[in-house]
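Laboratory data are not the source of any read-out in this text; all were calculated from the coordinates shown. All of these numbers come straight from a predicted model, not from anything done at the bench. When we count neighbours, we look across all protein chains shown, and the Cβ atoms used for this are built from the backbone with ideal geometry, even at glycine.
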Amino acid sequence: MGNLGKRRLPPVTSNIVALPITSIPEPHRQLSANHGLRLWNAVWTAGASWLKPSMDAEVVLMACEAIDERVLLRTQVMLNPSQWRERRALRELDKQVASLLGSLGFSPSERASLGIGGEQRNDFSDIRARIDAKRNVAKP
């Protein structure tokens, strides 16, 4: 509706920032200590500033369970390379893990859309900055 009374609005003093988690939550299903639990701890540690245990725990747990399954399936494929169905399932599992981790903000494009991490610098941004600087000098 806007400011119908045309009164002065209070100044914006700060942005609302979510507080990071202070401790790693416990998984509510069993994970292997070597792989699934290690990924669980790594995800909650790295994503402490944006993950919410109440909302993201199930997705993190699904990724960790998929890692546990991947380790078992990869061992089976390595022992018998002729098992093409298992090899195909392994590749599908890789895609699933990448998708789950990406949905949690663990891919470059997802981090950028969440505003996590610093601004990426590349050759094109440098060229663009030089072009903009020359245009600003040339303006009367």
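Residues in the range 65-74 carry Karplus couplings, in order, of 5, 5, 5, 4, 5, 4, 4, 5, 5, 5 Hz; the curve used is 6.51 cos²θ - 1.76 cosθ + 1.60 with θ = phi - 60°, and Gly or Pro positions show x. The 3J(HN,Hα) values that the Karplus relation (6.51, -1.76, 1.60; θ = phi - 60°) gives for the range 76-84 are, in residue order, 5, 5, 5, 6, 9, x, 7, 7, 6 Hz. Gly and Pro appear as x.
Taken one residue at a time, the phi angles of the range 108-115 give Karplus couplings (6.51, -1.76, 1.60, θ = phi - 60°) of x, 5, 5, 4, 5, 5, 7, x Hz. Gly and Pro are set to x. Here the label points at SER113 and ALA89, each 7 Å from Cα along the C-beta direction, are separated by 3.1 nm in the simple model. With the simple spin-label model, which puts each label point 7 Å out from Cα in the Cβ direction, the ASN41 to ASP132 separation comes to 4.3 nm. Label reach from GLN76 (point 7 Å along Cα→C-beta): in the range 82-100, amide nitrogens under 19 Å belong to 82-97.
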